[in-house]
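Bear in mind these aren't lab numbers, they're just calculated from the coordinates by the rules spelled out. It should be emphasised that the depicted structure is a prediction, and the values quoted were computed from it without experimental measurement. Backbone-built Cβ (ideal geometry, glycine too); neighbour counts: all protein chains shown.
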Amino acid sequence: MPAISELIQEVENCHRHAARASDPLLKAHWLKLAQAWMVMVEAAKSGAAAAPTDTNYQVSLVEKDGHSVAASAVVKSANDAEIIGKAKQLVDGKTVEVHQGQRLVASFPPSK
């Protein structure tokens, strides 16, 4: 998982892009992406560095190549349905994958 400072840098980069965007849709895209990065920051700050257990889920933003992970955090959740709801909020320009240990719980392609 990237360091918290790296995640915060991504949030700041998204806000800079949003501030420069003249197209309202592009601005909204950058702000939504910043929000997704902030979820990762908050997960990292909450001590989500523990190894996955049956209540911990690994949530990853996957690059377009399908292999490189842009960001990843362990997030506590009561069950699959709850983590799927949280993960759906992150879907934007990257695929979002949710794992519990070796099990793939869900994968959401990037929104168009």
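Can you sort Thr95, Thr55 from fewest to most other Cβ atoms within 10 Å of each residue's own Cβ?
Thr55, Thr95
Among Asp92, Asp65, Asp80, which one shows the biggest mean-square fluctuation in a GNM of the chain, springs joining Cα atoms closer than 10 Å?
Ranking Asp92, Asp65, Asp80 by mean-square fluctuation puts Asp65 first.
Once whole DSSP H runs in the chain are found, which of them have Cα atoms spread over 20 Å or more along the helix axis and a mean Kyte-Doolittle score of at least -0.5?
Membrane-span-like by this rule: 24-45.
Rounded to whole Å and sorted largest first, list the principal axis extents of the Cα atoms in the chain.
45, 28, 25
Within 10 Å of each residue's Cβ, count the other Cβ atoms and sort His17, His67, His99 from fewest upward.
His67, His17, His99
What ranking of Ile83, Ile8 emerges when the number of other C-beta atoms within 10 Å of each C-beta is taken as an exposure proxy, fewest first?
So the residues, fewest neighbours to most, are Ile8, Ile83.
Using the crude model of +1 on Lys and Arg Cβ and -1 on Asp and Glu Cβ, and no other charge, please compute the dipole size for the chain relative to its Cα centre, in debye to 20.
Dipole size: approximately 260 debye.
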